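Notes follow once the structure below has been shown.
The values are calculated or read from the model by the stated rules, or taken from the named source; none is laboratory data. Nothing here was measured: the structure is a model prediction, and the numbers come from that model. Neighbour counts run over all protein chains shown; Cβ positions are idealised from the backbone, glycine included. Accessible surface areas use protein heavy atoms only, side chains included; no ligands, DNA or RNA. Shrake-Rupley method; radii C 1.70, N 1.55, O 1.52, S 1.80 Å.
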Amino acid sequence: MYTRIVRADQDNPDREAVMAGASIIRAGGTVIFPTETVYGLGADGLNGEACLKIFMAKNRPADNPLILHISSPDMLDRVAVVDSSDLRSKIMSFWPGPLTVLLRKQPTVPDSVTAGLDTVAVRMPDNPLALALIDSAGVPIAAPSANLSTRPSITDSADAIAEMSGRVDLIYDSGRTAYGIESTIIDLTARPYRILRSGSARIEDLEAVFGHIEITDAARGTAESEVALTPGMKYRHYAPTRPLFLMRNVEEFVSLLRSSPDKHNVLFIGCSELLDGSTKERYDLGPFSDLRQVGSRIFSSFRYLDSGSYELGVIHPFPETGYGLGIMNRIRKASGHRTASAIEIMEAMGSGRIE
Ligand code: AMP
Ligand code: MG
(Lines give C-alpha, C1' and ligand atoms only; values in the text may rest on other atoms or scores of the structure.)
(Ligands and ions follow the chains in the order given, each with its own letter.)
Protein backbone atom coordinates (compact mmCIF):
# COMPACT_ATOMS: atom_id res chain seq x y z
CA MET A 1 0.00 0.00 0.00
CA TYR A 2 1.39 3.39 -0.99
CA THR A 3 1.64 5.88 1.90
CA ARG A 4 1.67 9.56 1.08
CA ILE A 5 3.83 11.65 3.46
CA VAL A 6 2.62 15.25 3.84
CA ARG A 7 4.64 17.85 5.69
CA ALA A 8 2.36 20.09 7.74
CA ASP A 9 2.79 22.70 10.47
CA GLN A 10 0.62 21.27 13.29
CA ASP A 11 0.02 24.72 14.81
CA ASN A 12 -0.73 26.53 11.57
CA PRO A 13 -1.49 24.00 8.82
CA ASP A 14 -2.00 25.13 5.23
CA ARG A 15 -5.26 24.34 3.50
CA GLU A 16 -3.78 22.08 0.90
CA ALA A 17 -2.22 19.79 3.50
CA VAL A 18 -5.50 19.61 5.45
CA MET A 19 -7.52 18.84 2.31
CA ALA A 20 -5.17 16.01 1.35
CA GLY A 21 -6.01 14.18 4.58
CA ALA A 22 -9.68 15.16 4.68
CA SER A 23 -10.38 13.76 1.22
CA ILE A 24 -8.79 10.44 2.20
CA ILE A 25 -10.95 10.29 5.36
CA ARG A 26 -14.09 11.04 3.33
CA ALA A 27 -13.17 8.32 0.83
CA GLY A 28 -12.89 5.73 3.63
CA GLY A 29 -9.08 5.73 3.93
CA THR A 30 -6.65 6.02 6.86
CA VAL A 31 -4.58 9.01 8.01
CA ILE A 32 -1.96 9.37 10.76
CA PHE A 33 -2.20 12.83 12.31
CA PRO A 34 -0.77 14.62 15.35
CA THR A 35 -2.87 15.49 18.40
CA GLU A 36 -1.58 17.33 21.47
CA THR A 37 -1.08 13.95 23.19
CA VAL A 38 0.23 11.33 20.72
CA TYR A 39 -0.16 10.64 16.98
CA GLY A 40 -3.50 9.06 16.06
CA LEU A 41 -4.37 6.61 13.26
CA GLY A 42 -7.71 7.87 12.00
CA ALA A 43 -10.61 6.95 9.73
CA ASP A 44 -14.20 8.13 9.24
CA GLY A 45 -15.76 7.34 12.62
CA LEU A 46 -19.23 6.84 11.14
CA ASN A 47 -18.03 4.38 8.50
CA GLY A 48 -17.71 0.91 10.01
CA GLU A 49 -15.68 -0.51 7.13
CA ALA A 50 -13.22 2.37 7.14
CA CYS A 51 -12.72 1.81 10.90
CA LEU A 52 -11.88 -1.86 10.33
CA LYS A 53 -8.84 -0.66 8.37
CA ILE A 54 -7.51 0.92 11.59
CA PHE A 55 -7.53 -2.48 13.32
CA MET A 56 -5.75 -4.08 10.37
CA ALA A 57 -3.10 -1.36 10.10
CA LYS A 58 -2.23 -1.68 13.81
CA ASN A 59 -2.84 -5.42 14.30
CA ARG A 60 -5.24 -4.27 16.99
CA PRO A 61 -7.63 -6.81 18.57
CA ALA A 62 -11.17 -6.06 17.37
CA ASP A 63 -12.60 -5.96 20.91
CA ASN A 64 -10.50 -2.91 21.89
CA PRO A 65 -12.66 0.11 20.99
CA LEU A 66 -11.55 3.45 19.48
CA ILE A 67 -11.88 7.07 20.58
CA LEU A 68 -13.95 9.41 18.39
CA HIS A 69 -12.24 12.76 17.80
CA ILE A 70 -14.55 15.71 17.21
CA SER A 71 -14.03 19.36 16.31
CA SER A 72 -17.25 21.02 17.49
CA PRO A 73 -19.83 20.70 20.29
CA ASP A 74 -22.50 19.69 17.70
CA MET A 75 -20.53 16.61 16.79
CA LEU A 76 -20.74 15.45 20.41
CA ASP A 77 -24.54 15.13 20.11
CA ARG A 78 -24.25 13.24 16.84
CA VAL A 79 -22.32 10.46 18.54
CA ALA A 80 -23.17 10.50 22.27
CA VAL A 81 -25.97 11.15 24.75
CA VAL A 82 -25.21 14.00 27.17
CA ASP A 83 -27.75 13.98 29.99
CA SER A 84 -27.75 17.62 31.03
CA SER A 85 -26.51 21.04 30.01
CA ASP A 86 -24.58 21.15 33.27
CA LEU A 87 -22.65 18.01 32.33
CA ARG A 88 -22.12 19.39 28.83
CA SER A 89 -20.55 22.61 30.13
CA LYS A 90 -18.31 20.67 32.52
CA ILE A 91 -17.02 18.58 29.61
CA MET A 92 -16.60 21.64 27.40
CA SER A 93 -14.50 23.35 30.07
CA PHE A 94 -11.76 20.76 29.30
CA TRP A 95 -12.09 20.91 25.51
CA PRO A 96 -10.25 21.18 23.32
CA GLY A 97 -7.87 19.20 25.51
CA PRO A 98 -6.51 15.79 26.59
CA LEU A 99 -9.71 14.50 28.24
CA THR A 100 -11.75 11.61 26.78
CA VAL A 101 -15.28 11.13 28.10
CA LEU A 102 -17.18 7.87 28.07
CA LEU A 103 -20.92 8.34 27.43
CA ARG A 104 -23.84 6.32 26.07
CA LYS A 105 -23.58 6.10 22.29
CA GLN A 106 -25.97 7.20 19.56
CA PRO A 107 -27.14 4.52 17.12
CA THR A 108 -25.14 6.18 14.30
CA VAL A 109 -21.84 5.00 15.82
CA PRO A 110 -20.76 1.73 14.19
CA ASP A 111 -19.97 -1.38 16.24
CA SER A 112 -16.39 -1.47 14.99
CA VAL A 113 -15.74 1.83 16.87
CA THR A 114 -17.25 0.71 20.18
CA ALA A 115 -16.47 -3.00 19.92
CA GLY A 116 -20.18 -3.61 20.25
CA LEU A 117 -20.50 -1.75 23.61
CA ASP A 118 -23.34 0.70 24.20
CA THR A 119 -20.86 3.39 25.30
CA VAL A 120 -18.61 5.58 23.17
CA ALA A 121 -15.35 7.39 24.02
CA VAL A 122 -15.15 10.97 22.68
CA ARG A 123 -12.72 13.85 22.81
CA MET A 124 -11.88 17.18 21.14
CA PRO A 125 -8.11 17.38 20.63
CA ASP A 126 -6.23 20.63 21.26
CA ASN A 127 -4.26 20.63 18.03
CA PRO A 128 -4.99 22.98 15.10
CA LEU A 129 -4.09 20.42 12.43
CA ALA A 130 -6.26 17.71 14.03
CA LEU A 131 -9.20 20.10 14.43
CA ALA A 132 -8.91 21.37 10.83
CA LEU A 133 -8.72 17.80 9.54
CA ILE A 134 -11.87 16.71 11.42
CA ASP A 135 -13.67 19.90 10.41
CA SER A 136 -12.82 19.52 6.72
CA ALA A 137 -13.69 15.84 6.70
CA GLY A 138 -17.05 16.80 8.26
CA VAL A 139 -17.20 13.61 10.32
CA PRO A 140 -15.84 12.50 13.70
CA ILE A 141 -12.51 10.73 13.22
CA ALA A 142 -12.08 7.43 15.05
CA ALA A 143 -8.47 7.07 16.11
CA PRO A 144 -6.41 5.02 18.53
CA SER A 145 -2.70 5.74 19.00
CA ALA A 146 -0.78 5.33 15.72
CA ASN A 147 1.69 2.65 16.90
CA LEU A 148 1.56 -1.04 16.06
CA SER A 149 -0.44 -2.84 18.76
CA THR A 150 1.60 -3.42 22.02
CA ARG A 151 4.38 -0.99 20.94
CA PRO A 152 4.99 2.36 22.67
CA SER A 153 2.77 5.19 21.42
CA ILE A 154 4.20 7.50 18.77
CA THR A 155 5.06 11.07 19.73
CA ASP A 156 7.25 12.01 16.76
CA SER A 157 6.35 11.80 13.05
CA ALA A 158 9.73 10.22 12.26
CA ASP A 159 8.64 7.18 14.32
CA ALA A 160 5.26 7.12 12.56
CA ILE A 161 6.95 7.08 9.16
CA ALA A 162 9.38 4.35 10.23
CA GLU A 163 6.74 2.11 11.85
CA MET A 164 3.62 2.67 9.75
CA SER A 165 4.66 3.41 6.14
CA GLY A 166 2.91 0.98 3.80
CA ARG A 167 0.08 0.44 6.34
CA VAL A 168 -1.95 3.66 5.97
CA ASP A 169 -2.89 6.06 3.15
CA LEU A 170 -1.30 9.23 4.54
CA ILE A 171 1.04 10.30 7.36
CA TYR A 172 1.41 13.93 8.45
CA ASP A 173 5.06 14.76 9.01
CA SER A 174 4.58 17.33 11.78
CA GLY A 175 7.36 16.69 14.30
CA ARG A 176 6.84 16.11 18.01
CA THR A 177 3.58 16.26 19.98
CA ALA A 178 3.11 18.60 22.96
CA TYR A 179 2.16 16.24 25.84
CA GLY A 180 3.33 12.80 24.80
CA ILE A 181 1.02 10.82 27.12
CA GLU A 182 -2.45 9.81 25.93
CA SER A 183 -5.66 11.46 27.07
CA THR A 184 -7.18 10.75 30.48
CA ILE A 185 -10.35 8.65 30.09
CA ILE A 186 -13.22 9.36 32.50
CA ASP A 187 -16.29 7.13 32.62
CA LEU A 188 -19.28 9.47 33.02
CA THR A 189 -21.74 6.57 32.92
CA ALA A 190 -20.47 5.18 36.26
CA ARG A 191 -21.39 6.45 39.76
CA PRO A 192 -19.16 7.78 41.14
CA TYR A 193 -17.40 8.85 37.97
CA ARG A 194 -14.21 6.88 37.53
CA ILE A 195 -10.90 7.18 35.73
CA LEU A 196 -10.35 4.30 33.31
CA ARG A 197 -6.96 5.53 32.13
CA SER A 198 -4.68 8.15 33.67
CA GLY A 199 -3.27 10.57 31.14
CA SER A 200 -2.46 14.13 30.20
CA ALA A 201 -5.44 15.73 31.97
CA ARG A 202 -4.63 15.89 35.69
CA ILE A 203 -7.01 14.22 38.16
CA GLU A 204 -6.73 17.23 40.48
CA ASP A 205 -8.09 19.52 37.72
CA LEU A 206 -10.88 17.05 36.88
CA GLU A 207 -12.00 16.72 40.50
CA ALA A 208 -12.23 20.49 40.79
CA VAL A 209 -14.98 20.37 38.12
CA PHE A 210 -16.56 16.89 38.33
CA GLY A 211 -16.28 16.37 42.10
CA HIS A 212 -15.00 13.12 43.59
CA ILE A 213 -13.69 10.67 41.00
CA GLU A 214 -12.71 7.08 41.66
CA ILE A 215 -9.18 6.22 40.51
CA THR A 216 -9.03 2.55 39.61
CA ASP A 217 -5.87 0.49 40.23
CA ALA A 218 -5.72 -0.03 36.50
CA ALA A 219 -5.53 3.75 36.01
CA ARG A 220 -2.54 3.83 38.37
CA GLY A 221 -1.00 0.87 36.62
CA THR A 222 -0.47 -0.92 39.95
CA ALA A 223 -2.61 -3.94 39.03
CA GLU A 224 -3.85 -5.59 35.93
CA SER A 225 -7.50 -5.71 36.95
CA GLU A 226 -9.10 -9.13 36.82
CA VAL A 227 -12.13 -7.78 35.08
CA ALA A 228 -11.07 -5.30 32.42
CA LEU A 229 -12.99 -2.08 33.07
CA THR A 230 -12.08 -0.88 29.63
CA PRO A 231 -11.28 -3.44 26.96
CA GLY A 232 -7.87 -1.85 26.39
CA MET A 233 -6.80 -2.74 29.93
CA LYS A 234 -6.43 -6.41 29.30
CA TYR A 235 -3.85 -6.01 26.55
CA ARG A 236 -0.09 -5.66 26.77
CA HIS A 237 0.85 -2.05 26.25
CA TYR A 238 3.64 0.38 25.52
CA ALA A 239 6.27 -2.32 25.63
CA PRO A 240 9.83 -1.82 24.45
CA THR A 241 11.45 -5.02 23.14
CA ARG A 242 14.37 -4.77 25.60
CA PRO A 243 13.69 -5.30 29.30
CA LEU A 244 13.05 -2.13 31.28
CA PHE A 245 13.44 -2.17 35.09
CA LEU A 246 11.72 0.28 37.41
CA MET A 247 14.05 1.00 40.34
CA ARG A 248 12.41 0.81 43.74
CA ASN A 249 13.29 4.43 44.53
CA VAL A 250 15.31 7.40 43.30
CA GLU A 251 18.16 6.72 45.77
CA GLU A 252 18.74 3.24 44.36
CA PHE A 253 18.75 4.67 40.83
CA VAL A 254 21.42 7.20 41.81
CA SER A 255 23.51 4.61 43.62
CA LEU A 256 23.39 2.28 40.60
CA LEU A 257 24.30 5.16 38.31
CA ARG A 258 27.36 5.96 40.48
CA SER A 259 28.59 2.50 41.32
CA SER A 260 27.85 0.29 38.33
CA PRO A 261 30.69 -0.53 35.94
CA ASP A 262 31.02 1.66 32.85
CA LYS A 263 29.30 -0.77 30.55
CA HIS A 264 27.50 0.46 27.50
CA ASN A 265 24.80 -2.16 27.54
CA VAL A 266 22.65 -0.42 30.17
CA LEU A 267 20.57 2.66 29.39
CA PHE A 268 19.73 4.95 32.32
CA ILE A 269 16.45 6.77 31.72
CA GLY A 270 15.79 9.61 34.14
CA CYS A 271 15.59 13.28 35.03
CA SER A 272 18.32 15.78 34.16
CA GLU A 273 19.19 16.53 37.80
CA LEU A 274 20.05 12.88 38.43
CA LEU A 275 21.85 12.18 35.16
CA ASP A 276 23.91 15.38 34.91
CA GLY A 277 27.62 14.74 35.10
CA SER A 278 27.32 10.98 34.65
CA THR A 279 29.36 9.20 31.99
CA LYS A 280 26.85 6.35 31.68
CA GLU A 281 24.62 5.77 28.68
CA ARG A 282 21.51 7.82 29.37
CA TYR A 283 18.26 9.27 28.10
CA ASP A 284 17.40 12.62 29.66
CA LEU A 285 13.67 13.07 30.30
CA GLY A 286 14.03 16.74 31.33
CA PRO A 287 13.89 18.32 34.78
CA PHE A 288 12.03 16.79 37.74
CA SER A 289 10.28 20.14 38.19
CA ASP A 290 8.64 19.82 34.76
CA LEU A 291 6.71 16.55 34.69
CA ARG A 292 4.78 17.64 31.63
CA GLN A 293 8.03 17.66 29.69
CA VAL A 294 9.00 14.30 31.19
CA GLY A 295 5.65 12.95 29.95
CA SER A 296 6.31 14.28 26.47
CA ARG A 297 9.58 12.31 26.28
CA ILE A 298 8.68 9.06 27.99
CA PHE A 299 7.58 7.10 24.90
CA SER A 300 10.60 8.35 22.95
CA SER A 301 12.81 7.00 25.73
CA PHE A 302 11.25 3.52 25.38
CA ARG A 303 11.82 3.63 21.63
CA TYR A 304 15.40 4.84 22.14
CA LEU A 305 16.04 1.83 24.39
CA ASP A 306 15.07 -0.43 21.48
CA SER A 307 17.07 1.49 18.90
CA GLY A 308 20.51 1.06 20.49
CA SER A 309 22.52 -2.02 21.35
CA TYR A 310 21.37 -1.98 24.97
CA GLU A 311 20.64 -5.13 26.91
CA LEU A 312 18.38 -3.39 29.39
CA GLY A 313 17.10 -0.05 30.59
CA VAL A 314 16.58 1.26 34.11
CA ILE A 315 14.28 4.08 35.13
CA HIS A 316 13.41 5.70 38.49
CA PRO A 317 9.93 6.28 39.92
CA PHE A 318 8.07 9.61 39.94
CA PRO A 319 5.64 11.08 42.46
CA GLU A 320 2.10 9.96 41.56
CA THR A 321 0.39 13.33 41.53
CA GLY A 322 -0.43 15.65 38.64
CA TYR A 323 1.21 14.46 35.41
CA GLY A 324 3.17 11.92 37.47
CA LEU A 325 0.17 9.58 37.71
CA GLY A 326 0.02 9.01 33.95
CA ILE A 327 3.81 8.79 33.72
CA MET A 328 4.02 6.04 36.36
CA ASN A 329 1.17 4.11 34.72
CA ARG A 330 3.10 4.04 31.39
CA ILE A 331 6.37 3.08 33.12
CA ARG A 332 4.77 0.21 35.06
CA LYS A 333 3.25 -1.20 31.91
CA ALA A 334 6.37 -0.68 29.78
CA SER A 335 8.47 -2.44 32.42
CA GLY A 336 6.02 -5.34 32.55
CA HIS A 337 5.80 -4.55 36.30
CA ARG A 338 9.47 -5.49 36.81
CA THR A 339 10.89 -3.60 39.77
CA ALA A 340 14.50 -3.98 40.87
CA SER A 341 17.02 -2.89 43.45
CA ALA A 342 20.49 -1.60 42.59
CA ILE A 343 21.97 -4.87 43.85
CA GLU A 344 19.77 -7.00 41.64
CA ILE A 345 20.72 -5.00 38.55
CA MET A 346 24.45 -5.15 39.47
CA GLU A 347 24.23 -8.92 39.83
CA ALA A 348 22.48 -9.22 36.50
CA MET A 349 25.12 -7.04 34.82
CA GLY A 350 27.97 -8.96 36.42
CA SER A 351 26.71 -12.39 35.49
CA GLY A 352 25.54 -11.44 32.05
CA ARG A 353 22.28 -13.01 33.15
CA ILE A 354 19.78 -10.29 32.55
CA GLU A 355 16.08 -10.89 33.04
P1 AMP B 1 -5.72 4.14 22.35
O2 AMP B 1 -6.05 5.50 21.86
O3 AMP B 1 -4.90 3.32 21.43
O4 AMP B 1 -5.07 4.21 23.69
O5 AMP B 1 -7.10 3.38 22.54
C6 AMP B 1 -8.27 3.96 23.03
C7 AMP B 1 -8.56 3.62 24.45
O8 AMP B 1 -9.91 4.01 24.76
C9 AMP B 1 -8.46 2.13 24.76
O10 AMP B 1 -7.83 1.96 26.02
C11 AMP B 1 -9.92 1.69 24.80
O12 AMP B 1 -10.11 0.54 25.58
C13 AMP B 1 -10.61 2.94 25.37
N14 AMP B 1 -12.03 2.99 24.96
C15 AMP B 1 -12.51 3.42 23.79
N16 AMP B 1 -13.85 3.28 23.73
C17 AMP B 1 -14.23 2.75 24.89
C18 AMP B 1 -15.49 2.31 25.43
N19 AMP B 1 -16.63 2.43 24.74
N20 AMP B 1 -15.51 1.80 26.68
C21 AMP B 1 -14.37 1.68 27.38
N22 AMP B 1 -13.13 2.04 26.92
C23 AMP B 1 -13.07 2.56 25.69
MG1 MG C 1 -2.75 2.91 22.24
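What the table below lists for this structure:
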| quantity | calculated |
| --- | --- |
| Test: residue in the range 155-178 that is within 16 Å of ligand 2 (Cβ to nearest atom), over 18 Å from the mean Cα position of the chain (by Cα) and not charged (D, E, K, R) | yes |
| Number of the exception - Ala348 against (1) free of Cβ contacts under 8 Å to residues at least 60 places away in the same chain; (2) part of a loop (DSSP other than H, G, I, E, B) | (2) |
| Checking Leu52 against (1) of a type in the set (A, V, I, L, M); (2) under 18 Å from Val113 (Cβ atoms); (3) open to solvent by less than 10 Å² (accessible area, probe 1.4 Å), the condition it does not meet | (3) |
| Residues satisfying the stated conditions in the range 60-99, i.e. within 16 Å of ligand 2 (Cβ to nearest atom) and either open to solvent by 40 Å² or more (accessible area, probe 1.4 Å) or part of a loop (DSSP other than H, G, I, E, B) (or both) | Arg60, Pro61, Ala62, Asp63, Asn64, Pro65, Leu66, Pro98 |
| Failed condition for Pro317, given (1) on the phi < 0 side of the Ramachandran plot; (2) outside any strand (DSSP E or B); (3) out of contact with any Lys or Arg (no Cβ under 9 Å at 6 or more places or on another chain) | (3) |
| Hits in the range 185-202 - residues which are under 11 Å from Pro98 (Cα atoms) and not hydrophobic (A, V, I, L, M, F, W, C) | Ser198, Gly199, Ser200, Arg202 |
| Tally, over the range 1-54, of residues that are within 26 Å of Arg78 (Cα to Cα), in a loop (DSSP other than H, G, I, E, B) and touching a residue at least 40 places away in the same chain (Cβ under 8 Å) | 9 |
| Residues located in the range 100-150, provided they are open to solvent by less than 10 Å² (accessible area, probe 1.4 Å), closer than 19 Å to Ile24 by Cα, outside any loop (DSSP other than H, G, I, E, B) and within 10 Å of ligand 1 (Cβ to nearest atom) | Val113, Ala142, Ala143 |
| Condition met for Ala57 (more than 20 Å from Thr100 (Cβ to Cβ), within 14 Å of ligand 1 (Cβ to nearest atom) and either part of a helix (DSSP H, G or I) or open to solvent by 60 Å² or more (accessible area, probe 1.4 Å) (or both)) | yes |
